[in-house]
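The values are calculated or read from the model by the stated rules, or taken from the named source; none is laboratory data. Note that the structure is a prediction, hence the values are computed from the model and not measured. Heads up, the Cβs are rebuilt from the backbone with ideal geometry, glycines too, and the neighbour counts pull from every protein chain shown. Only protein heavy atoms, including side chains, enter the accessible area calculation; ligands, DNA and RNA are left aside. Shrake-Rupley method; radii C 1.70, N 1.55, O 1.52, S 1.80 Å.
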Amino acid sequence: MVKRFCAALAAIMIGVTSQAQEVQQVTMGDNLSYGLTYSLPKTAVLITVESTCAKTVAGPFAAYAEKFLGIKDAVQEDQSMWEIEKISMESIAQADSARTYHIEFPEKGALPTFYLTADRCLCAINRAPQDLVAVPEVKDEEVSGKPVYKASDVLTGEILKAGSKLKQAELVAQEIFSIRESRSLLIKGEADNMPGDGASLQLMLDNLSAQEEALLSLFIGSTTESKHSRNITYVPTRETNRDLAFRFSKFLGYVDNDDYAGEPYYVSLQIVEDNREFSVPGAKVKKRTDKGIAFCIPGKAHVTLTSTKNTLAEGDMYMAQFGRVEQLPQAQFSDKKRPCSASFTPATGAIKIFEQQ
């Protein structure tokens, strides 16, 4: 079922991702005399599944395909066949309500500028973030073209007046053989009215092939292929073995997680670097104040996506929820002479750049 997967998960290994972001610039001032509330992120796994669906509509003369054309495997009823083409994983951010902070700045210092996402996660301070790339919107699209002719366009009056479907099928088959004979004569140069140049010959051959394809569809049916994408967001909270991520059926496509018609796909997660404060027995939890800018030192987890038979993708991913919170002195960002600036990794809240002017 599965054709191709992203095995080299560079985005996972280095913890850098692209995610949908609308950044809001906020400058501390009179309009924010009450302070600023922001959140650190928790890290989610975004699973993107790309698939194709080949939908075949049976022809009205399918029952006579073998009798008149010798075609034994003509589709007798409408059917759809789904197939996964590609699966990829990356980390994205969601605001963590358990790590929400409120800060206030004294009026005597410089007024820092903050950059927040739409859900008020902290992106940067005193510098515009440069690496927030929008995730492409998943869309379903039809990719196969329609034939030049419809079957109704090439049916003769004799065929349309035939008294039974059997007789109509016989006449259509005769028309198909007539088209093939005409094409053969043109190729051999034996037709009564040969075109004067190669371009005209090719045009006539193409038209005959299109007419034959349209008539054949009355026996073998017609197939339309479409592409589909689906985003599944998984938010880890603990180590886990085979959490159900989604189900996919080769006949129905994407189905609900409780629909056993679909094959299950699982996410497993193993923490390989636990930086939470309570991860070390007996460790003292540091007291937090509202005088600092919170950031995260993330942990790391090994994430694996599997089907019932195969491992489809895996890699290490930095995750905020398995890390601890530290603080930067807020006075560094309001120094009038040499204010500091910082940017943070979107998916984890870790410091990416810290500079002093």
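Across the range 318-356, the number of residues qualifying as out of contact with any Leu (no Cβ under 8 Å at 6 or more places or on another chain), within 20 Å of GLN270 (Cβ to Cβ) and in a strand (DSSP E or B) comes to 6. Of the candidates ILE103, ILE84, ILE125, the single residue that is surrounded by 15 or more Cβ atoms within 10 Å (Cβ to Cβ), on the phi < 0 side of the Ramachandran plot and in contact with a Pro (Cβ under 7 Å, 6 or more places away or on another chain) is ILE125.
Sort out which residues of the range 293-317 are assigned to a loop (DSSP other than H, G, I, E, B) and touching a residue at least 60 places away in the same chain (Cβ under 8 Å), and write them in order of number. Across the range 293-317, the qualifying residues are SER307, ASN310.
Taking PHE322, is it modelled with pLDDT of 90 or more, open to solvent by 20 Å² or more (accessible area, probe 1.4 Å) and over 23 Å from VAL49 (Cβ atoms)? Against the criterion (modelled with pLDDT of 90 or more, open to solvent by 20 Å² or more (accessible area, probe 1.4 Å) and over 23 Å from VAL49 (Cβ atoms)), PHE322 does not qualify. Of the numbered criteria (1) open to solvent by 60 Å² or more (accessible area, probe 1.4 Å); (2) out of contact with any helix residue (DSSP H, G or I) (no Cβ under 6 Å at 6 or more places or on another chain); (3) not in a helix (DSSP H, G or I), the one LYS67 fails is (3). Within the bounds of the range 218-241, is there any residue that is closer than 27 Å to LYS86 by Cβ and free of Cβ contacts under 8 Å to residues at least 24 places away in the same chain? No: zero hits.
Can you tell me which of MET89, MET28 is within 30 Å of TYR101 (Cβ to Cβ), modelled with pLDDT of 90 or more and either crowded, with 20+ Cβ neighbours inside 10 Å or among the polar types (S, T, N, Q) (or both)? After applying the criteria, what remains is MET89. Among the residues of the range 225-278, just one is in contact with a Lys or Arg (Cβ under 8 Å, 6 or more places away or on another chain), of a type in the set (Gly, Ala, Ser) and within 30 Å of ARG99 (Cα to Cα), namely SER268. The number of residues in the range 236-256 being in a loop (DSSP other than H, G, I, E, B) and surrounded by 13 or more Cβ atoms within 10 Å (Cβ to Cβ) comes to 4.
Checking each residue in the range 204-224 for being among the charged types (D, E, K, R) and open to solvent by less than 60 Å² (accessible area, probe 1.4 Å) picks out only GLU212. Comparison of ALA118, ALA128 shows that the only residue that is of a type in the set (A, V, I, L, M), part of a loop (DSSP other than H, G, I, E, B), closer than 30 Å to HIS228 by Cβ and modelled with pLDDT of 80 or more is ALA118.
Of the residues making up the range 145-167, those that are surrounded by 12 or more Cβ atoms within 10 Å (Cβ to Cβ), part of a helix (DSSP H, G or I) and either aliphatic (A, V, I, L, M) or at pLDDT 90 or above (or both) are ALA151, VAL154, ILE159, LEU166, LYS167.
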